[in-house]
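The values are calculated or read from the model by the stated rules, or taken from the named source; none is laboratory data. Everything numeric here is computed off the predicted structure, so don't read it as measured data. Please note: Cβ atoms are built from the backbone with ideal geometry, for glycine as well, and neighbour counts cover all protein chains shown. We work out accessible area using only protein heavy atoms, side chains counted, and drop any ligands, DNA or RNA first. Shrake-Rupley method; radii C 1.70, N 1.55, O 1.52, S 1.80 Å.
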Amino acid sequence: MTDRIDPPVSGAAFGANPSFVDLLRQAQPQNATAALTQPVNASDVPIPHGTTVLGLKYADGVIMAGDRRATSGFTVADPKMRKVFEADDYSAIAIAGAAGQAIEMVKLFQLELEHYEKITGDRLSLEGKANRLAQMIRSNFPLAMQGLVVVPLFGGFDVGRGEGRIFYYDATGGRWEEDDYQTTGSGGQPAKNSLKKRWRPGLARDEALRVAVEALVDAAEDDVATGGPDVSRGIFPIAVDVTASGASDVPEEQVAAAVAAVLEGRS
């Protein structure tokens, strides 16, 4: 005869929680496997992570850019991952952190902006978009505590102000605005050091693109998780340009030309 599982005498009423796993953990933990009784730590699971992304202002707007490498521990999980996306017609988002969680957040963010525009007939302000993204990051904080951290950069063209703006975040959803440039990810510090040397107010678009590419190349030299451009395989950084005319991908041939100019200058 099997042991009878008595209902709990304290806490929630029996049957209030529909999870059988939770019931087994509480009533007969000796019969639960280790996978059910021990909390899952994301660091114990091979999860692809995106690495270095950046954003910088220039004369006409902002450029958001990122390398292409996703890592899983010491393994390259994906050498061609896309980390920079158009959020809507006048904004872009660049992701770093747990890749799957980050991509899901981007898709949901894009959908919410589109839904708001269809329901109200008007676009959410750039400030409002930045605040909504902060709320989404904050809602992810319980997963961030388990290792699934997502810390994006957000940039766009503020039609009311007539200028580009960049916002950065922490894992709790804290939001700050940057006046010139910002980076995040494992190679964020060497990339920021490079931008500190090369960036200046009023850059032209071609100059801004080259500064962004050079910062990613510098990051790849100092951070093993950041993928440098691979000319032989045609793997170049992804960049999105946001101006008063809207957000659009920088054509790959223009990024390749910027990479060639940076590498030629070093040789």
Answer yes or no as to whether GLY128 is more than 22 Å from ILE238 (Cα to Cα), open to solvent by less than 70 Å² (accessible area, probe 1.4 Å) and free of Cβ contacts under 8 Å to residues at least 12 places away in the same chain.
yes
Restricting attention to the stretch 103-125, and to residues there that are out of contact with any helix residue (DSSP H, G or I) (no Cβ under 8 Å at 6 or more places or on another chain) and basic (Lys, Arg), which single residue is most open to solvent (accessible area, probe 1.4 Å)?
LYS118
Hits in the stretch 205-240 - residues which are within 23 Å of ALA77 (Cα to Cα), part of a helix (DSSP H, G or I) and in contact with a helix residue (DSSP H, G or I) (Cβ under 8 Å, 6 or more places away or on another chain)
VAL213, ALA215, LEU216, VAL217, ASP218, ALA219, GLU221, ASP222
Can you name the strands (runs of 3 or more DSSP E) wholly within the stretch 1-85 that have at least 1 residues being at pLDDT 90 or above and in contact with a Phe, Trp or Tyr (Cβ under 6 Å, 6 or more places away or on another chain)?
53-58, 61-66
Being within 14 Å of the chain's Cα centre (by Cα), among the small types (Gly, Ala, Ser) and part of a strand (DSSP E or B) is the filter here, so list the residues in the stretch 122-179 that pass it.
GLY155
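Residues ALA65, ALA96, ALA70: which one is open to solvent by less than 50 Å² (accessible area, probe 1.4 Å), within 17 Å of GLY174 (Cα to Cα) and among the small types (Gly, Ala, Ser)?
Exactly one of ALA65, ALA96, ALA70 is open to solvent by less than 50 Å² (accessible area, probe 1.4 Å), within 17 Å of GLY174 (Cα to Cα) and among the small types (Gly, Ala, Ser), namely ALA96.
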